[in-house]
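First the structure, in the form of structure tokens, and then the observations on it.
The values are calculated or read from the model by the stated rules, or taken from the named source; none is laboratory data. This structure is a prediction, so every number in the text was calculated from the model and none was measured. Please note: Cβ atoms are built from the backbone with ideal geometry, for glycine as well, and neighbour counts cover all protein chains shown.
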Amino acid sequence: MATVLKIDASARVTRSLSRGLTTAFTEQWLKSRPNDTLITQDIGLNPPPAIRPILNIN
């Protein structure tokens, strides 16, 4: 059993070509391998917080 990580990064939800391609791929993947696990992260709509160093400057 495999785990597939699908990361959507486009801010476009309805007209994104990359979202359409990855969705089609993962649908076909899961049809042929139904016991595999799919994890989806949408950083286009829910971006991670910015990384900023903590500086202790007086």
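Among the residues of segment 17-41, those identified as touching a residue at least 12 places away in the same chain (Cβ under 8 Å), outside any helix (DSSP H, G or I) and not charged (D, E, K, R) are ASN35, THR37, LEU38, ILE39, THR40, GLN41. When we screen ALA50, ALA11, ALA24 for residues that are small (Gly, Ala, Ser) and at pLDDT 90 or above, the only hit is ALA24.
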